[in-house]
Every structure is written in structure tokens, then in C-alpha cells.
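Written out below as C-alpha cells is the structure these notes cover.
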Amino acid sequence: MQSATLCYLLRPDEREVLLIRKKRGLGEGKFVGPGGKVEEGETPRECVVREVEEEIRVTPNDPEKVGEFRFVFGDEPRMFVHVFRAEEFAGEPESTPEADPAWFDYEAVPYDEMWEDDRHWMPHLFDGETFAGEFVFDSDGDELREWTVETGVREVE
């Protein structure tokens, strides 16, 4: 199973989250959080900082791991994702060949242009909770068939 990361930059005072519209790869055309595959010898925290820098030219300061998920496509466990949040970061988000960043109010997140699982766990991210879950999609990744999310998870490291 591939290990990967997601990072959500938040401006809690404005109740805003930064999402990117993916220009290529898994999730192309969808809004997601910046992130990507953990490389050999790299920790999830190192990966998330590298990926955010590569995708939107911003450096998250001390990203906090708040969640983790297993993604299954058909019968195949596909990805284990470490979810981070960061409220402090250096730089201004900019478009790159991989992504177009945009800020969204927590109440205006474009769930209809995102992976179907996001609507089930992102409110917990905004509320500052920790969480873990599993999402089972059809083999093409088009339809969410089953899902579980547990909040208040103590050990997400």
C-alpha cells in the first residue's frame, strides 16, 4: 500500500482552508489538499513539507498530523494517507504546473468538485479534531461504496 500525505493550510480567524485544483495525476481536475507520495527514507512530515513547497511554493511551519486514512479501490488496498494541518506558513500560494491554489470559507468548500470522502471528514479537520478512517471506492475510484470515520483518535503519529 502506497504511503502518502495531505496538508491543509488553514486561516482559522477567517475560517478559510487552502485547496488546490490538481492539474495532473490522481485526482486531476478535483480540489484537494496539497500532498503526495512519501519517498523512500522520508518521513510523512518531511514529505508533506516537500510536497506543499513543490505544489504551491509555500512552506508549512510545524505541520501537525491530525488524521490518517486507508483508501481501498475495489478489493485493492491502494493508499495510506497521513493528514496534516498547518496554521502558520511562509510564502504566498502560487500556481504551478501541478496545481492552482484557492482559499475557501469553511462553509463554501466545493465538495461537489472533490473526492466523495472529503465531505465525511473535513468538518472534523476544521473543528480541530483528530480522526482516522477507511474509504472503499469502486475499482475506478468514481463511487464511494463504504466509509468509516472515527474522531478523537489519540495516536495518529
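The values are calculated or read from the model by the stated rules, or taken from the named source; none is laboratory data. Note that the structure is predicted; figures quoted are calculated from it, not measured. FYI the Cβ positions are ideal-geometry reconstructions off the backbone, even for glycines, and counts take in every protein chain you see. Surface accessibility is based on the protein's heavy atoms, side chains included, excluding ligands, DNA and RNA. Shrake-Rupley method; radii C 1.70, N 1.55, O 1.52, S 1.80 Å.
Of all the residues in region 111-152, those that are closer than 14 Å to Val72 by Cβ and aromatic (Phe, Trp, Tyr) number 4.
Conditions tested, residue by residue: (1) assigned to a strand (DSSP E or B); (2) open to solvent by 10 Å² or more (accessible area, probe 1.4 Å); (3) farther than 25 Å from Glu146 by Cβ.
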| site | (1), (2), (3) |
| --- | --- |
| Ser3 | yes, yes, no |
| Leu6 | yes, yes, no |
| Leu10 | yes, no, yes |
| Glu14 | no, yes, yes |
| Leu18 | yes, no, yes |
| Glu39 | no, yes, yes |
| Glu54 | no, yes, yes |
| Arg70 | yes, yes, no |
| His82 | yes, yes, no |
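Of all residues in region 1-44, those that are of a type outside the set (A, V, I, L, M) and touching a Gly at 6+ places or on another chain (Cβ under 6 Å) total 3.
Residues in region 131-155 that are of a type in the set (Val, Ile, Thr), part of a strand (DSSP E or B) and in contact (Cβ under 8 Å) with a residue 60 or more places away in the chain: Val136 alone.
Of everything listed in (1) in a loop (DSSP other than H, G, I, E, B); (2) surrounded by 14 or more Cβ atoms within 10 Å (Cβ to Cβ), the single unmet condition for Glu94 is (2). Taken across region 57-72, residues that are touching a Ser or Thr at 6+ places or on another chain (Cβ under 7 Å) and charged (D, E, K, R) do occur, with at least one present. Considered as a group, the residues in region 38-48 that are touching a strand residue (DSSP E or B) at 6+ places or on another chain (Cβ under 6 Å) and among the β-branched types (Val, Ile, Thr) include one that is farthest from Gly91 (Cα to Cα), and that residue is Val38.
Got at least one residue in region 139-153 being in contact with a Ser or Thr (Cβ under 9 Å, 6 or more places away or on another chain), at pLDDT below 95 and open to solvent by less than 40 Å² (accessible area, probe 1.4 Å)? So far as region 139-153 goes, yes, one or more of its residues are in contact with a Ser or Thr (Cβ under 9 Å, 6 or more places away or on another chain), at pLDDT below 95 and open to solvent by less than 40 Å² (accessible area, probe 1.4 Å). Within region 25-37, is there a residue that is open to solvent by 30 Å² or more (accessible area, probe 1.4 Å), touching a strand residue (DSSP E or B) at 6+ places or on another chain (Cβ under 8 Å) and under 20 Å from Phe131 (Cβ atoms)? Among the residues of region 25-37, not one is open to solvent by 30 Å² or more (accessible area, probe 1.4 Å), touching a strand residue (DSSP E or B) at 6+ places or on another chain (Cβ under 8 Å) and under 20 Å from Phe131 (Cβ atoms), which makes the answer no. Applying a threshold of 9 Å to beta carbon distances and a minimum spacing of six or more residues, or different chains, the list of pairs starting in region 117-130 at a residue that is in contact (Cβ under 8 Å) with a residue 60 or more places away in the chain and ending at one that is part of a loop (DSSP other than H, G, I, E, B) and of a type in the set (Asp, Glu) reads Thr130/Glu155. Only residues that are among the hydroxyl-bearing types (Ser, Thr, Tyr) and either in contact with a His (Cβ under 7 Å, 6 or more places away or on another chain) or modelled with pLDDT under 95 (or both) were counted across region 67-103, and they come to 0.
Whether any residue in region 102-118 is in contact with a Phe, Trp or Tyr (Cβ under 8 Å, 6 or more places away or on another chain), assigned to a helix (DSSP H, G or I) and buried (at least 18 other Cβ atoms within 10 Å of the Cβ) is what I want to check. Scanning region 102-118, I find at least one residue that is in contact with a Phe, Trp or Tyr (Cβ under 8 Å, 6 or more places away or on another chain), assigned to a helix (DSSP H, G or I) and buried (at least 18 other Cβ atoms within 10 Å of the Cβ), so the answer is yes.
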